[in-house]
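Input: a single structure, listed below in structure tokens.
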Amino acid sequence: MSVRKIVTLPHPVLRQKARKVSDFGPELQQLIDDMVETMRSAPGVGLAAPQVGVPWRVIVVEYAEEEDENTSPKLYTLVNPEIARFSNETVTGVEGCLSIPEIAGDVERQEKVTIKGLNRNKQLVKIKADGWLARIFQHEIDHLDGILFTDRAEKVWKLEGETAQVASAD
Ligand code: NI
């Protein structure tokens with residue numbers, strides 16, 4: 001495993017529509033291992049393949065609900081993920097992105113989503129998420145379509161110093 005370089009704006013790969021994955025061979029397995037390591041080292045709670053310069057539909061998410069300190073973070077690896085269902089209720093929250101350093105913004109997202117995709121063994125998985133986890137999935141899946149949180153943000157602002165680290169979550 002190795003940590004890959006996270007690409008930042010204005011790298012064009014961040015604006016591409018990533019392509020579906022059909023080969024679950026060693027190249028994909030290596031990519032997933034490296035994405036997990038890169039996300040943890042950043043650190044971040046999510047990462048999409050285009051953020052390491054690979055235009056494939058792959059995301060990793062690792063997040064623990066903050067309410068329970070004893071809950072260890074759960075790792076999700078999804079290939080060709082899609083939002084299968086979403087609630088009509090929306091919620092606004094502050095997002096950042098490792099590919100857009102030192103910028104944060106208020107983004108309105110669907111409060112609840114059901115994500116469908118394949119795991120690294122090509123098995124179908126379905127995940128129901130709400131709150132921050134739902135937000136992270138929506139942010140990461142947007143990356144696969146070349147959409148960045150700043151495109152959706154009602155308001156963006158610049159961060160400086162330590163605050164920047166905290167907010168550059170995914
Ligand atoms: Ni991001």
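Excluding same-chain pairs closer than 8 in sequence, count the lysine pairs in region 12-166 whose Cα atoms lie under 24 Å apart.
17
With every protein chain kept in place and ligands, DNA and RNA left out, what is the accessible area per residue of the chain? Probe 1.4 Å, answer in Å². Kindly include the intermediate steps, with their values, before the conclusion.
Numbers: 9020 Å² over 170 residues.
Here the residues of the chain average 53 Å² of exposed surface.
Please state the relative contact order of the chain as a whole percent: Cα pairs under 8 Å, 6+ residues apart? Can you show the working numbers first?
Numbers: 365 pairs, mean separation 43.6, N = 170.
Rounded, it is 26 percent for the chain.
Provide the gained length on full extension for the span Thr90 to Arg19, in nm with one decimal, where the gain is 0.36 nm per separating residue minus the Cα-Cα distance.
That pair, Thr90 and Arg19, stretches by 22.7 nm at full extension.
What part of the accessible area of the chain, given as a whole %, is carbon or sulfur when the probe is 1.4 angstrom? Please list the in-between numbers first.
Details: 4400 of 9020 Å².
Within the chain, the accessible surface is 49 percent carbon and sulfur.
Tally Lys/Arg at +1 and Asp/Glu at -1 over every other residue whose Cβ is under 14 Å from the Cβ of Gln29; what's the total? Working shown, then result.
Values: positive: Arg120, Lys122; negative: Asp23, Glu27, Asp33, Asp34, Glu37.
Net charge in that neighbourhood comes out at -3.
Work through the residues other than Arg152 whose Cβ is under 9 Å from its Cβ and net out their charges, Lys, Arg +1 and Asp, Glu -1.
-4
The values are calculated or read from the model by the stated rules, or taken from the named source; none is laboratory data. Keep in mind that what you see is a predicted model, and the values were worked out from it rather than measured. No Cβ is skipped: glycine too gets one built from the backbone with ideal geometry, and neighbour counts run over all protein chains shown. The protein model used for the area step is the full one, side chains on, heavy atoms only, and it has no ligands, DNA or RNA in it. Shrake-Rupley method; radii C 1.70, N 1.55, O 1.52, S 1.80 Å.
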